[in-house]
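The values are calculated or read from the model by the stated rules, or taken from the named source; none is laboratory data. Everything numeric in this text was worked out from a predicted model, so none of it was measured. To get the accessible areas, we keep the full protein, side chains included, count just its heavy atoms, and leave off ligands, DNA and RNA. Shrake-Rupley method; radii C 1.70, N 1.55, O 1.52, S 1.80 Å.
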Amino acid sequence: PFPVELKAGKTYAWCSCGHSKRQPFCDGAHKKEAPGMAPLRFTPHEDGPAWLCGCKHTRSPPYCDGTHRGEEVQGAPRPP
């Protein structure tokens, strides 16, 4: 996961495709690398630290839920 400091009321675009060079936030790479995908836009209600998912398998996007520790993610082949 990515530790970030979020501001209440600010809208963020969390990268859902994994291709952004600005992880965990979107840089528009999905337009070329993953057509049909889009970032998840969210607005936190409180200022403060958060852990945003980096494996893209969380069940509570954009927040990390620990899914990255499971076999589904740990056993997956790495991209070239």
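Brief remarks on what is shown
- From its DSSP helices (H runs of at least four residues, each -39,500 (n - 2.57)), the chain gives a residue-normalised ellipticity at 222 nm of -1500 deg cm²/dmol.
- The accessible surface of segment 2-75, taken with every protein chain in place and a 1.4 Å probe, is 51 percent carbon and sulfur.
- Rounded accessible area per residue of the chain, 1.4 Å, Å²: 69 Å²
- Cα pair distances exceeding 15 angstrom across the chain, given as percent: 59 percent
- Taking every C-alpha pair closer than 8 Å and separated by at least 6 residues, the mean separation divided by the residue count of segment 2-75 gives a relative contact order of 33 percent.
- Build a GNM of the chain with springs between Cα atoms under 10 Å apart, and of K32, K56, K21 the one that fluctuates most is K32.
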